[in-house]
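Peer 1: Dumping the structure here so I can ask a few things about it.
The values are calculated or read from the model by the stated rules, or taken from the named source; none is laboratory data. Just so it is clear, the model here is predicted, and its values are computed rather than measured. Using ideal geometry, Cβ is built from the backbone for each residue, glycine included, and neighbour counts are taken over all protein chains shown.
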Amino acid sequence: MTSPGRFENKVVFVTGAARGQGRAEAVRFASEGADVIAIDACTEFASTPYPGATQDDLAETVRLVEATGRRIVAATADVRDFDGLSSALAGGIERLGRLDVVIANAGICSGALSWEITAEQWQETVDVNLTGTFHTAKAAIPYLIEQGEGGAVVFTSSVSGLKGTPFTGHYVATKHGITGLAKTMANELGEHRIRVNTVHPAGVDTGMKVRDLHPLIARYASTLGSIYQNSLPYSILAPEDVAAVVAWVCSDEAKYITGAQIPVDLGNLIR
């Protein structure tokens, strides 16, 4: 259930906003009163087995946000490109007047046995997931500090940011890195009343299926079932389920929470 007005007069910056969790987050915040700065690379990635987002996807995010009555500034920008990312964010702030919430959501995933990950797979995953998150925070945090009114930053990690999910070692490494970066930033930014947290979803219905990442995942599903098993009787999350938790942790209702790892995991992490 949304809370209309919870983010009234606020501006949220979302990366990877063309579809999936990023789109759901942009629409969720808009439905609760926020204006949105949205970026996406809208490109194909060499290492992923699923298609990349498109300009049409980003345009649909714009349409959905505007349907709530809120403003959105959308741009094509790649989180690997710090200058391009910074320019897109600056343009959005210039038009919308401020910045309050930062959602570093952009990410990719592919599959391989850890020792068979190619150098190209490793580098692209690190560049998008970990370096891209760092770039997002590096570009945005100076605005929050200068504004002097606090703020909320959320990094999209994963259950794989808290455990060693098989066949995605490069992805797991980046998601653990994101978790550690958030903890450090939470300590550094507390004096500015800027909170930094990570969310850790289990499988999310974004069109990318875990079993499609590597053939061994399906082959070893029975022997590794406990790795992927959820304790709640659901198999997958909707992007809107994650967006609801992100909105809550960025709201004043969670103003005393920082440096936390928020699971949205269907009980996947219970051991």
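Peer 1: Return the residues of the range 222-270 that are at pLDDT 95 or above, among the small types (Gly, Ala, Ser) and out of contact with any Asp or Glu (no Cβ under 7 Å at 6 or more places or on another chain); say none if nothing qualifies.
Peer 2: Those that are at pLDDT 95 or above, among the small types (Gly, Ala, Ser) and out of contact with any Asp or Glu (no Cβ under 7 Å at 6 or more places or on another chain): Ala244, Ser251, Ala254, Gly259, Ala260.
Peer 1: Filter the range 238-271 for residues that are touching a Pro at 6+ places or on another chain (Cβ under 6 Å) and outside any loop (DSSP other than H, G, I, E, B); which is surrounded by the fewest Cβ atoms within 10 Å (Cβ to Cβ)? So that I can check it myself, show each step before the final result.
Peer 2: Applying the first criterion (touching a Pro at 6+ places or on another chain (Cβ under 6 Å)) to the range 238-271 yields 242, 264, 269.
Filter again for outside any loop (DSSP other than H, G, I, E, B), leaving 242, 264.
On the way: Val242: 25, Val264: 19.
Checked the range 238-271; the qualifying residue surrounded by the fewest Cβ atoms within 10 Å (Cβ to Cβ) is Val264.
Peer 1: Is it the case that the range 227-237 has a residue that's among the hydrophobic types (A, V, I, L, M, F, W, C) and closer than 23 Å to Gly5 by Cα? Steps first, please.
Peer 2: So the first thing to find is which residues in the range 227-237 are among the hydrophobic types (A, V, I, L, M, F, W, C), and the list is 227, 232, 236-237.
If we keep only those that are closer than 23 Å to Gly5 by Cα too, we end up with none.
Within the range 227-237 (the criterion being among the hydrophobic types (A, V, I, L, M, F, W, C) and closer than 23 Å to Gly5 by Cα), the answer is no, since none of the residues qualifies.
Peer 1: Can I ask one more? Would you kindly identify the helices (runs of 4 or more DSSP H) lying entirely within the range 1-99 that contain at least 2 residues that are modelled with pLDDT of 95 or more and surrounded by fewer than 16 Cβ atoms within 10 Å (Cβ to Cβ)? Quick ask: steps written out before the conclusion?
Peer 2: On the way: elements: 20-31, 55-67, 82-96.
Correct list: 55-67, 82-96.
Peer 1: Any residue in the range 111-130 that's closer than 10 Å to Ser47 by Cα and of a type in the set (Gly, Ala, Ser): show its pairings with residues that are modelled with pLDDT under 95 and crowded, with 21+ Cβ neighbours inside 10 Å at Cβ separation under 8 Å, as long as the two are six or more apart or on different chains.
Peer 2: Gly111/Phe167; Gly111/Thr168
Peer 1: For the range 105-133, which positions are under 22 Å from the mean Cα position of the chain (by Cα) and in a loop (DSSP other than H, G, I, E, B)?
Peer 2: Step one: filter the range 105-133 for residues under 22 Å from the mean Cα position of the chain (by Cα), giving 105-111, 121-133.
Of everything in the range 105-133, those that are under 22 Å from the mean Cα position of the chain (by Cα) and in a loop (DSSP other than H, G, I, E, B) turn out to be Asn105, Ala106, Gly107, Ile108, Cys109, Ser110, Gly111.
Peer 1: Can you pull out the residues in the range 141-173 that are of a type in the set (A, V, I, L, M, F, W, C) and more than 15 Å from the chain's Cα centre (by Cα)?
Peer 2: Going through the range 141-173, the residues of a type in the set (A, V, I, L, M, F, W, C) turn out to be 141, 144-145, 152-155, 159, 162, 167, 172-173.
Passing the criteria: Ile141, Leu144, Ile145, Leu162, Phe167, Ala173.
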